[in-house]
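Reading through the C-alpha cells given below for one structure.
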Amino acid sequence: MKKLICIAILMISVAAAAFSLNVACAEEGYEVSAFSAYMTDAESGRVLYAKAADEKHEIASMVKIMTANLVFEALDRGDISLDQDVTVSSVAAGMGGSQMFLDEGAVYKVDDLIKGVIVASANDASVALAELISGSHQAFVNAMNSRAQEMGMTNTRFSCATGLPDSGEQYSTARDVNTMTRALMKHAKYYDYAGIWMEDFVHPSGRTTQLVNTNKLIRNYSGCVGGKTGFTNEAGFCLSACADRKGVRVVATLIGGKDSNTRFSEVSGMFNYAFANYTRAKAVCAGEQMGEAKVRGGKIDSLPYGADRDVSVLIKNGETLSDPVITLSDKLKAPVTRGDVIGTAEYSAPTGEKITVNLIALCDVEKASLWDIIKDIFI
C-alpha cells in the first residue's frame, strides 16, 4: 500500500513539473519542432511567433485553403449558389487520396461539395467545385495562383486544387499559408461547415459516407473555430488553424510536424502562448464621447464628438497604448448633423502600426438665428 502511495505521489510530482514547464514556456517564448511555423493576430496580422516562416515546402492538403477561398468568393459574387446542381465528372470522381467518394455522373449540391472539402478534405469535391467555377481544373489552378499574388503570397505556387503530390511542382511557406488562412476566416459562411465534427452524408444513390473532420482541434481545443490539416511524406504533418478566446483571435500555421499528434499539440501550444501573453485592449468604443469641438455659427458653440467604430489593439503583456492624435476640421460651421465626420483620430499600436478612425458629431447643431446672435451679444 505504501508503495502504491509513493508511486501516486511521484506521478503527481511529475505532472506538476510538466505543468510548471508549460507555464514557463508560455512566459519565455514557445518553440516548435516542425520545419516551420508562423502565428499572427487574425485581425491586424501582427506576428506573434515565427520559425523559418519563408522557407518553401510542400503543404499537402493545406492547398485546399486557397480552394475554399475561391469557392466562398464565388459565392459572395453570386457566380455560384449553395443549392446549385453539380454533375460530377470522371476527372473529379477519379481523384485519389481523401475523398467523399462521389459518383461519376451523379448530381450533387454545391453545399454538399463544400462540406466535403471543409470537413473531410475531399479531393473529389475540390475538383468538382474547381470545374464548376472555372470550367476546368487547370483554369481554376491558374485562378488560385493569381489570387495568391493578389494576397501578397510571393513564395507560393499551386499546381492543383487538392494538394496531391503527383500533380506537379507546388510549394508555399508558413507565412503565405497563414495569409490565406486569415483570408478564409473572414468568410462568415465558412463557419457553417468548419464546426462539423462528424456527419453521415447520404449520396443521391442512397449509400452513405461518413465525413469526419480532419481538424481534431475543433473538438479538443476550446476556442478553435476552424482550420485545415495536410499530410504527405514530403510535407510532413501540417496544420493551419484559428482560435479565439476573450477577443484575442489568432491564426497558427505549422508545416512539417513529425506526426499527427505532435502537429495538434504544437499548434495548441502556439495558441496557449498567444492567449497567455496577449490581450485585446479596447482603445475606444463607437459613439463614446472623446472630446468637444468648437463650432461657428451654431445655437451651441461646443460639439461633442466620438469615434464611428470600435477600435481595439492586440497588445503583449507589459505594453501600453498611447493616446490618439486628434485632427479636427478647422472649418467646422453650423449646421452639423449627428453622424457627420468632423475629423480623425490616429492610434499607434505597439508594433508601430497606425490605426485611423473617423470622428463623428454626437449631436445635431442647428444654425444660429438672428435672435440667437442678439441674445449672445446682450445677455
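For region 249-282, a residue qualifies if it is of a type in the set (S, T, Y) and either in contact (Cβ under 8 Å) with a residue 60 or more places away in the chain or touching a strand residue (DSSP E or B) at 6+ places or on another chain (Cβ under 7 Å) (or both), and the qualifying residues are T253, S260, T262, Y273, Y278, T279.
Specify which of the listed residues (E43, E73) is of a type in the set (D, E), at pLDDT 95 or above and under 30 Å from L129 (Cα atoms).
E73
For region 294-310, does any single residue satisfy the condition of being in contact with a Phe, Trp or Tyr (Cβ under 8 Å, 6 or more places away or on another chain) and crowded, with 18+ Cβ neighbours inside 10 Å?
Taking region 294-310 and keeping what is in contact with a Phe, Trp or Tyr (Cβ under 8 Å, 6 or more places away or on another chain), we get none.
Within region 294-310, none of the residues are in contact with a Phe, Trp or Tyr (Cβ under 8 Å, 6 or more places away or on another chain) and crowded, with 18+ Cβ neighbours inside 10 Å.
Scanning region 263-281 for residues that are more than 18 Å from N178 (Cα to Cα) and either outside the structural domain of A50 (by TED's automatic domain parsing) or touching a Leu at 6+ places or on another chain (Cβ under 9 Å) (or both) yields a total of 5. Scanning region 159-183 for residues that are under 19 Å from F35 (Cβ atoms), in contact (Cβ under 8 Å) with a residue 24 or more places away in the chain and part of a loop (DSSP other than H, G, I, E, B) gives G163, Q170, T173.
Does at least one position in region 259-276 carry a residue that is part of a strand (DSSP E or B) and not acidic (D, E)? No; the residues of region 259-276 include none that is part of a strand (DSSP E or B) and not acidic (D, E).
Let me spell it out: the conditions are (1) under 21 Å from K186 (Cα atoms); (2) in contact with a Lys or Arg (Cβ under 7 Å, 6 or more places away or on another chain); (3) surrounded by fewer than 22 Cβ atoms within 10 Å (Cβ to Cβ), and S121 meets all of them except one. Which number is the exception? Of the numbered conditions (1) under 21 Å from K186 (Cα atoms); (2) in contact with a Lys or Arg (Cβ under 7 Å, 6 or more places away or on another chain); (3) surrounded by fewer than 22 Cβ atoms within 10 Å (Cβ to Cβ), the odd one out for S121 is (3).
Counting only residues that are closer than 23 Å to C238 by Cα, give me the helices (runs of 4 or more DSSP H) lying completely in region 42-136 with at least 3 of them.
Helices (runs of 4 or more DSSP H) meeting the threshold: 64-77, 110-120, 123-134.
Annotation: K246 fulfils all but one of (1) in contact with a strand residue (DSSP E or B) (Cβ under 8 Å, 6 or more places away or on another chain); (2) within 25 Å of V32 (Cβ to Cβ); (3) free of Cβ contacts under 8 Å to residues at least 12 places away in the same chain; the unmet one is (3). For region 49-70, the candidate set comprises residues that are of a type in the set (S, T, N, Q) and surrounded by 24 or more Cβ atoms within 10 Å (Cβ to Cβ); within that set, the residue that is farthest from S167 (Cα to Cα) is T67. Taken over region 167-194, residues that are over 8 Å from the mean Cα position of the chain (by Cα) and of a type in the set (A, V, I, L, M) amount to 5.
Being on the phi < 0 side of the Ramachandran plot, modelled with pLDDT under 95 and either surrounded by 14 or more Cβ atoms within 10 Å (Cβ to Cβ) or in the same structural domain as N233 (by TED's automatic domain parsing) (or both) is a property that G116 lacks. What number of residues within region 330-357 are part of a loop (DSSP other than H, G, I, E, B), in contact (Cβ under 8 Å) with a residue 24 or more places away in the chain and over 32 Å from the mean Cα position of the chain (by Cα)? Qualifying residue count, region 330-357: 5.
The values are calculated or read from the model by the stated rules, or taken from the named source; none is laboratory data. Please read these numbers as outputs of a predicted model, since none were measured by experiment. When we count neighbours, we look across all protein chains shown, and the Cβ atoms used for this are built from the backbone with ideal geometry, even at glycine.
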